Structure formats: structure tokens, C-alpha cells
1. How do 324-330, 87-93, 310-316 rank on mean C-beta neighbours within 10 Å, highest first?
2. I'd like the distance separating the alpha-carbon centroids of region 195-215 and region 4-40, in whole Å.
3. How long, wide and thick is region 241-284, going by the Cα atoms along their three principal axes, in whole angstroms, largest first?
4. Taking every pair of distinct Cα atoms and averaging 1/r, then inverting, what Kirkwood hydrodynamic radius in Å comes out for region 17-74?
5. Out of residues 5 or more away from ASN248 or on other chains, whose amide H comes under 5 Å of its own, with H placed 1.01 Å from N in the peptide plane?
6. Search the structure for amide H atoms under 5 Å from the amide H of TYR272, placed 1.01 Å from N in the peptide plane, and list their residues when 5 or more places away or on another chain.
7. Grab the DSSP H runs of the chain that are 4 residues or longer, score each as -39,500 (n - 2.57), total them, divide by all residues and round the 222 nm result to the nearest 500 deg cm²/dmol.
8. Please work out the C-alpha center-to-center distance from region 234-291 to region 61-103 and express it in whole Å.
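The values are calculated or read from the model by the stated rules, or taken from the named source; none is laboratory data. In this text, all values refer to a predicted model and were calculated from it rather than measured experimentally. We place every Cβ from the backbone using ideal geometry, glycine too, and count neighbours over all the protein chains shown. Side chains are part of the model used for accessible areas, which takes the heavy atoms of the whole protein and leaves out ligands, DNA and RNA. Shrake-Rupley method; radii C 1.70, N 1.55, O 1.52, S 1.80 Å.
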Amino acid sequence: MTIIVTGGAGFIGSNFIFHMLKKYPDYRIVCLDSLTYAGNLSTLKGVMENKNFRFVKDDICNREGVFALFEEERPDAVVNFAAESHVDRSIEEPQIFLQTNILGTATLMDACREYKVGRYHQVSTDEVYGDLPLDRPDLFFTETTPLHTSSPYSSSKASADLLVLAYHRTYGLPVTISRCSNNYGPYHFPEKLIPLMIANALNDKSLPVYGKGENVRDWLYVEDHCKAIDLILHKGRVGEVYNVGGHNEMKNIDIVKLICKELGKPESLITYVVDRKGHDLRYAIDPTKIHNELGWLPETKFADGIKKTIKWYLENREWWQEIISGEYKNYYERMYKNR
Ligand code: NAD
Ligand code: TDX
């Protein structure tokens, strides 16, 4: 079995590649990634020498390159992680989100049609459902919750999802979609809440909490997401959407305080800054479908996962220090100075 994994030099894609190469020693995994600011080849150094692994640097929007790769590899399946993934960047500069997240998805699916690929899996997000109110803890996103997006990022992901379902209905392309809640774990790019707070706290820098820090996210350890995608790929029903989440809702401020506590840093580092525009209040996934149909359950409890994650950032300082010492500095200035 040959699987093309796009966006595999990023956070979740790389963790998925590690999971697949370990679990299926006879599978061939081809990673297609254009190495944007969020892609990092050093993340993949542990698998570069693996004879079942190949890395290809290219853009999923490059039709010629994508078709040539499919011609050469004749993949059995494609798992698409490649995306612009940061909400704050999408608010600053939406265009590239439309390009990669929508047109890139269409290009990959066109290649799947041409080469009769057995499965196209789209890695989507719970953000396509918009948000839930903070005072209705009884409400959750199910697969039939209407799409109702808030940011250019989530709108681009929702557009891609609609396109994926349209390719299934119109062309019979064998697709599946997973919509997962917020992931955390190793190799998470330090622009996102948890790694940003860990890196800043370790450098005794202020911890910028948007608004009052009351917004709620439903956190899932990245390995549990990878296992869910693996299950959907092998056992999921074609044409179906599966929500993935671990019923682990937390307020941002509680996460930041927990990180301070784990690292022995004072809460006085916390600074409340101007809120994100259009900031979604609460995400909460109902994972009943994937549990009932495929037997998936999250295995890592947040209390253990966050400890493992912090330990990883302590033991892999060079990985994130190299990132935050480069172009990231300009991003941080732009995003947080005078906020
Ligand atoms: P990431 O930003 O860490 O990684 C994205 C990867 O895609 C990078 O390696 C980047 O180089 C690559 N890429 C970007 N544009 C490309 C292009 N045009 N061609 C080829 N490669 C390109 O993202 P992530 O957090 O690992 O998210 C992966 C996927 O999972 C995304 O589709 C995202 O929407 C989805 N998702 C993320 C989360 C989360 O909490 N991080 C939750 C649910 C869903
Ligand atoms: O500096 C910060 N301060 C802060 O208060 C940052 C970076 C974030 N936040 C808040 C905003 C959110 O309420 O923390 C929460 C989490 O923010 P992000 O890490 O940016 O994630 P989020 O916007 O929830 O989106 C993530 O989950 C869904 C991923 O980035 C998406 O790719 C995924 O689809």
C-alpha cells in the first residue's frame, strides 16, 4: 500500500507519518510538502533514512507536479494535511488560505480521479461548525451540525469540505472527512496557544492571553487524532464525515495557568491582550459516531498529555528555538507588539 501524505512536515502530518511507519512496516509513505514557514524538514529527520519513506518538496496547488507524482507513485490512498492552519494569520492575509486550502484540495482530488486512487481522506477541523455559546454546556457539534464559519481559515476549510463531498457525489470519488478538535503534542508550531505559552514561559516572556481567556477549546493529544485517521482510512465508510474529539474542554486561561504551574513560572507573566477578531467562543465535539462505528476512543488523558508535551519541549529546545529565532520574530512583532 502506498499512501501520499500531504503536509507531513507540519505538526499533525509528521505525527501521522511516525504512527503509520511504525504500525505498518510494509506500507510506503510519500510525504508531499512545500515547506512553508510551518513545515520543517528537521521534524522528519528520524524517518528520512527509512526505505519505506520518501519526501517530495512541492506545492499541492502545482497541478503538473502533483500529477507527475501520482503518475510515478500510483498511490492507493491520499491523506491531505497540507493547509494554512493558523487563524490569526488568516485574519491578516486570507488569500493564501483560499489558495492552498481550497484550490490545493481540488488539485489533489483531480489527481485522485485521474489515477483512480482508492481513497482520498480530507483532514478537516471542528472550526467548520463555528462556535457554541459559553452558557450552553449541553450543546456539542455532531456531523449534522450546520457549517457556520467565523474566520477566513475556517471558511476555507469548510469550502474544501463541501468540495470533497461534491467530488464524491458528482464523480464518485471515494472520500472520507475527519473533523477534529484542537490538537496538542510534539512538533506543534510555536505560534499556537500551547507551544507558544510553553516557549514564552521558558524564556520568561509575557504570556499573551486574548480577551479574558474565557474561550473554550476541546483538546486532543495528537496521537489520538492520528489513530482516528488511521481507523477511518481503513474502516471508515466512503462519503462519510467523522467528528474526532475527546470531551476535554478547557478555558484558555486555565491552560496557561497550568503551564505556569508545571514549569514553576509565576502567573504574573500572564498579560491580557486585545481579543482575536471574530474569536470563536467554544468548540466541543460529540465523537459518538466514530466511537460507535469504528470503536475509536481517546487514549491519552489531558493531565498526562500536557505533561508529556511539556517534557518534549524541554527536551527538544533546539527544535523550537531555531524556529522562534528566525522569520517567526517578525511574525511575533507584527502580531503581538502594541496589542
Ligand atoms: P501545520 O501548519 O503545522 O502544518 C501544515 C503543513 O502543510 C506544513 O508542513 C506546510 O509546509 C504544509 N503546506 C502548507 N501549504 C502547502 C502547500 N500549498 N503545498 C504543500 N504543503 C503545504 O498544520 P497542522 O496543525 O499540522 O494541521 C494539519 C491539518 O489538520 C490542517 O489541514 C488543519 O486544518 C487540520 N487541523 C488542525 C488542528 C490543530 O489543532 N492543529 C485541528 C484540526 C484540524
Ligand atoms: O497567543 C495566543 N493567545 C491566546 O489567547 C494564541 C496564539 C491563542 N490564544 C487563544 C485563541 C484560541 O481561543 O487560544 C485559543 C487557541 O488558539 P490557537 O492555538 O490559535 O488555536 P485555534 O484558533 O483554536 O485553532 C486550532 O484548532 C483548530 C488550530 O490552529 C486550527 O488549525 C484547527 O483547525
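1. 87-93, 310-316, 324-330
2. Taking the Cα centre of each part, region 195-215 and region 4-40 sit 29 Å apart.
3. For region 241-284, the Cα spread along each principal axis is 42, 27, 11 Å.
4. Result for region 17-74 stands at 12.4 Å.
5. Long-range HN contacts for ASN248: TRP219.
6. When sequence neighbours closer than 5 places are left aside, the close amide H contacts are VAL209.
7. Counting only the DSSP helices, I get -12000 deg cm²/dmol.
8. Comparing the Cα centres of region 234-291 and region 61-103, I get a distance of 25 Å.
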